[in-house]
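Undergrad: Got a structure here, written out as structure tokens. Questions coming.
Each reported figure results from applying straightforward, stated rules to the coordinates on display, with no laboratory input. Keep in mind it's a predicted model, so treat the numbers as computed, not measured. Positions of Cβ are generated from backbone atoms using ideal geometry, with glycine treated the same way; all protein chains shown enter the neighbour counts.
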Amino acid sequence: MKNLRPFILRKATKVLRRIERKVQYLQGKGPGAVSIETEFKNVAQFFYEKEPTLCIDVGGNKGKYTEEIIRKFPQTSIVIFEPSQHNIEILHDKFGKEENIRIEPYALSSQAGNSQLWYDEVGSGIASLKKRRLDHYSINFDHSEPVQVIVFENYWANELARSTIDFVKLDIEGAELEALKGFGEAINFVRVFQFEFGGTNIDSRTFFQDFYYFFTEHDFKLFRISPLGPVPISEYSEREEVFLTTNYIAVKKTSGSLSR
């Protein structure tokens with residue numbers, strides 16, 4: 001019996017891990033938990049009264065998320081921010097003739113200037129302003145290119161005439177919090193955000209707690225995207241500090257709280 005204990009423990013551990021992964025999946029936690037279609041389906045529920053007229057796709061990559069937005073809301077105007085030169089060319093090929101889509105070759109942060117975009121391969125979906133350490137996945141972030149970084153508040157004031165923004169999607173591999181800080185006054189003119197949280201936040205040394213307090217202090221209610229629908233997050237807990245790719249929605253609590 002004593003010799004069977006390690007075997008039983010290994011078997012039990014495997015079963016418990018499978019249960020854990022299944023529970024996490026249903027909660028929307030972890031890589032591969034939801035598709036882009038499911039992500040935006042969760043978001044679109046918050047536009048049942050009025051379709052969005054202006055959306056911002058921050059970290060557009062190759063345009064798959066923008067495609068989902070225009071599939072659901074073909075009349076909306078979209079601004080895509082994407083700093084990768086390779087992906088910018090793809091986006092122009094894909095959307096260059098669309099009058100309602102604008103492509104901007106910038107990264108967003110809390111301070112304007114010049115930076116490096118680090119990646120494992122050209123056009124990578126995990127490119128980041130942070131030089132990530134992914135040796136444990138045998139991934140080397142040893143390629144980079146110079147990029148221009150802007151503050152969104154300035155762009156919003158100068159290029160968008162301080163307009164109300166219906167939806168902002170943020171997927172910029174660990175740089176989300178700094179980009180949000182750069183929204184400044186524009187944060188009061190946004191109805192809905194979607195942002196990603198996961199392993200990239202280990203490299204950027206940011207926590208879900210940072211996002212929770214940022215959004216609640218700006219009068220947003222938080223939800224976690226799941227295959228079963230948006231899961232409300234009514235209070236902060238350390239249980240939310242899950243560094244597996246998870247997507248969240250932040251919704252302005254009342255339309256009256258928008259500055260206009």
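Undergrad: What distance in nm separates the two pseudo spin-label positions at H86 and K11, each 7 Å out from Cα along the beta-carbon direction?
TA: Output for this residue pair reads 4.7 nm.
Undergrad: Related question: Report the per residue volume, in Å³, of the convex hull enclosing the C-alpha atoms of the chain.
TA: 140
Undergrad: Students often get this wrong, so check it: of K41/K253; K22/K253; K29/K94; K29/K131; K11/K131; K97/K130, which have C-alpha atoms separated by over 28 Å?
TA: K22/K253; K29/K94; K11/K131; K97/K130
Undergrad: Please give, to one decimal in nm, the separation of the simple spin-label points placed at E145 and N3, each 7 Å out from Cα toward the Cβ.
TA: For the pair E145/N3, the computed spacing is 6.1 nm.
Undergrad: What length, rounded to one decimal in nm, is gained on full extension from E49 through to T216, with 0.36 nm per residue of separation minus their alpha-carbon distance?
TA: Taking 0.36 nm per residue and subtracting the Cα distance, the gain is 57.8 nm.
Undergrad: Same structure, new question: For the stretch 192-260, run through the GluC sites (Glu not before Pro) and keep only the ones in DSSP coil with at most 12 other Cβ atoms within 10 Å of their Cβ.
TA: E235, E241
Undergrad: In addition: Looking at the stretch 167-234, which chymotrypsin sites (Phe, Trp or Tyr not before Pro) are DSSP coil and have at most 13 other C-beta atoms within 10 Å of their C-beta?
TA: Passing both the DSSP loop test and the Cβ count: no residue.
Undergrad: Now, a different point. Hey, got a sec? Which trypsin sites (Lys or Arg not before Pro) in the stretch 199-236 land in a DSSP loop and have at most 10 other Cβ atoms within 10 Å?
TA: R205
Undergrad: Nearest 0.05, what FRET efficiency do I36 and L228 give at R0 = 25 Å with Cβ-Cβ as r?
TA: 0.90
Undergrad: Separate question: Provide the percentage of antiparallel DSSP beta bridges, counting only those with both residues in the chain; round to the nearest 5.
TA: Here the antiparallel bridges make up roughly 55 percent for the chain.
Undergrad: Given the peptides 49-55, 115-121, 127-133, arrange them by the average over their residues of other C-beta atoms within 10 Å, most packed first.
TA: Ranking the peptides 49-55, 115-121, 127-133 by packing returns 127-133, 115-121, 49-55.
Undergrad: May I ask you to derive the relative contact order of the chain, considering only C-alpha pairs under 8 Å and at least 6 residues apart, and to give it as an integer percent?
TA: Contact order relative to length: 21 percent.
Undergrad: Could you check the spin-label model distance between A161 and R18? Points 7 Å from the Cα along Cα→Cβ, value in nm.
TA: 5.9
Undergrad: Another question, if that's okay. Of all DSSP beta bridges located in the stretch 12-167, what percent are antiparallel, nearest 5?
TA: Percent antiparallel among DSSP bridges in the stretch 12-167 is about 45.
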